[in-house]
């Protein structure tokens, strides 16, 4: 693959973060501006799509200008504009996608639509300059849980995916049941540090002979446990429930990803997505990977959450692989990895 130092403006608006970033050559991060809506959606206990879309409209131009200013470039210096076109909330996606197409058309810049999941994978290229395919990657967030074999840039094999709830979605639902608010991942992770992970033996759903995930049974088990204690008037030790629930999720995520790497004879695993920030997940991966002599790559937390830097990196590799989008590209809220 011929690589050039193309300057890419990335735009991300798939959920509740409005983000723009400038990346050079796919790996050199010049700026990454993220405006989160977490506080706005907390009172609703989750993301309200219409509210998210309206906020993106308010913020998108300001965030893009800030990203260009921080990078010390103008739109004239940009070679490629990349934007997420799926998966995600359709209204939110349309804000970033329409803005990117308008800028591309007006400034006569190359335009590349990016798969959000591919973006999460590419966050590892920004964080680890030495990382090259092939490797196995776990993409784990509020909306996605996939084990992906990265054969080459832009060439993916889905080895496992969730059959129901994503891991981050399960975190949010259990946090809500425990009265911990939204988002659930960070608060459960923090409380789990104070709890006993062996206090309750919640089920590990392994789906024999499959690398797919299922978290609905675990979620139901935790909810039944909480309801049972409430019915008999027994005090719930929230820290213990958080720790035991988290351990059940982490065990399955780690074991299946390690098994995928063994199947592919890969000595490298990348972790991506919002849940990749989880402290117990990182700790357990390091423990298990050492046993199998596997190297683990994590992006820093700022590149685990939804951000435009990862979208810019993905757009770069899409473009140098000969893929470019036209103005007819539409948002695809149910887009899958590898789908064009």
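Nothing in this text is a laboratory measurement; each read-out follows from the coordinates by a stated rule. Computed from a predicted model, the values in this text were never measured in an experiment. Positions of Cβ are generated from backbone atoms using ideal geometry, with glycine treated the same way; all protein chains shown enter the neighbour counts.
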For this session: Could you rank the peptides 201-209, 144-152 by their average count of other C-beta atoms within 10 Å per residue, with the highest value first?
Result: 144-152, 201-209
Seminar exercise, completed: The whole-number value in µm²/s of the Stokes-Einstein translational diffusion coefficient for region 1-124, with Rh from the Kirkwood sum over alpha carbon pairs at 37 °C and 0.692 mPa s, is 225
Seminar exercise, completed: Among beta bridges assigned by DSSP with both residues in the chain, the antiparallel ones amount in percent, to the nearest 5, to 60
Problem set entry | Cα-projected label distance for residue 336 with residue 61, points at 7 Å along beta-carbon direction, nm | 4.0
Problem set entry | Folded to 0 to 90 degrees: helix 167-177 orientation relative to the chain principal axis, Cα | 50
Exercise. Could you give the nm distance between label points at residue 158 and residue 230, where each point is 7 Å from its Cα heading toward the beta carbon?
Worked result: 3.4
For this session: Subtract the Cα-Cα distance of residue 151 and residue 76 from 0.36 nm times their separation in residues, and report this length gain in nm to one decimal.
Result: 23.6 nm
For this session: Per DSSP H run of n ≥ 4, the term is -39500 (n - 2.57); total these for the chain, divide by its residue number, and report the mean residue ellipticity at 222 nm rounded to 500 deg cm²/dmol.
Result: -14500 deg cm²/dmol
Seminar exercise, completed: Once residue 196 and residue 323 are pulled to full extension, the length gained, defined as 0.36 nm per residue separation minus their Cα-Cα distance, is 40.7 nm
Exercise. How high is the relative contact order of the chain, given as a whole-number percent (alpha carbon pairs under 8 Å, six or more residues apart)?
Worked result: 26
Seminar exercise, completed: Tilt, helix 90-107 to longest principal axis of the chain (alpha-carbon atoms), in degrees rounded to tens, equals 20
For this session: Mind jotting down the distance between the C-alpha centroids of region 243-259 and region 115-176, whole Å?
Result: 15
Problem set entry | Quarter of Cα convex hull surface for region 135-299, i.e. mean projection, nm² | 9.3
Problem set entry | Principal-axis tilt of helix 49-71 within the chain, Cα atoms, nearest 10 degrees | 50
Seminar exercise, completed: Taking every DSSP bridge whose two residues both lie in region 135-299, the antiparallel percent to the nearest 5 is 60
